[in-house]
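One structure, pasted below without further comment.
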Amino acid sequence: MTDLRTALSRRPWWMQLLLGFCLFMTLVYMPFDLFLKPVAEDQEVWFGFMLTGWAAKATEPLHWAIYAAGAVGFWKMRSWMWPWAAVYALQVAIGMAVWNARQGSLVAGVVSFAVFLVPTIALYRARGRFVADVR
């Protein structure tokens, strides 16, 4: 139990949430999405544009790889996570703005961009935390 506490103490609470999200997506949601969800129901969003059907199914392994890399990177606090975690978070922020703007709500786009910019900035400023390449 102390090893787990030590491992978890290496990152702030907000980064623990990102680690938890990456673990959930890697171990639960993406396997379900890829192997169990019917192609007709598949949807993947990239840069604010939704792919459906086989196009979505074809890009799911890339999302899975991103979440798996995030899980490993956050768990082990890998140095390569900086700046790539912030870059991906910025892509999500931009994607949320584009998505909402395309749905006709510029205000929602600006608000969602601002909300997702918070973890983007936090990740960018966390460079010093991503130095311990713990095996």
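Taking the condition touching a Pro at 6+ places or on another chain (Cβ under 7 Å) and surrounded by 16 or more Cβ atoms within 10 Å (Cβ to Cβ), does residue 89 pass?
yes
Working carefully through the options 98, 107, 111, 92, find the one that is under 30 Å from residue 131 (Cα atoms) and assigned to a helix (DSSP H, G or I).
Details: 98 fails: under 30 Å from residue 131 (Cα atoms); 107 fails: under 30 Å from residue 131 (Cα atoms); 111 fails: under 30 Å from residue 131 (Cα atoms).
The match here is 92.
Let me ask another. Name every residue in region 30-56 that is over 22 Å from residue 20 (Cβ atoms), touching a residue at least 12 places away in the same chain (Cβ under 8 Å), open to solvent by less than 70 Å² (accessible area, probe 1.4 Å) and not in a strand (DSSP E or B), in order of residue number.
Answer for region 30-56, where residues must be over 22 Å from residue 20 (Cβ atoms), touching a residue at least 12 places away in the same chain (Cβ under 8 Å), open to solvent by less than 70 Å² (accessible area, probe 1.4 Å) and not in a strand (DSSP E or B): 39, 42, 48, 53, 56.
Report the residue count in region 17-29 for those that are among the hydrophobic types (A, V, I, L, M, F, W, C) and open to solvent by less than 60 Å² (accessible area, probe 1.4 Å).
Residues flagged as among the hydrophobic types (A, V, I, L, M, F, W, C) and open to solvent by less than 60 Å² (accessible area, probe 1.4 Å) within region 17-29 amount to 4.
Select from region 95-135 the residues that are open to solvent by 70 Å² or more (accessible area, probe 1.4 Å), charged (D, E, K, R) and out of contact with any helix residue (DSSP H, G or I) (no Cβ under 6 Å at 6 or more places or on another chain) and write down the one among them that is modelled with the highest pLDDT.
Among those residues, the one meeting the criterion is 125.
Could I ask something else about it? I'm checking my understanding of the structure. Among residues of region 1-16 that are charged (D, E, K, R) and loosely packed, with under 15 Cβ neighbours inside 10 Å, which one is farthest from residue 119 (Cα to Cα)?
3
The values are calculated or read from the model by the stated rules, or taken from the named source; none is laboratory data. Predicted, not measured: the structure shown is a model, and the values here were computed from it. Positions of Cβ are generated from backbone atoms using ideal geometry, with glycine treated the same way; all protein chains shown enter the neighbour counts. The accessibility values were calculated without ligands, DNA or RNA, using every heavy atom of the protein model including side chains. Shrake-Rupley method; radii C 1.70, N 1.55, O 1.52, S 1.80 Å.
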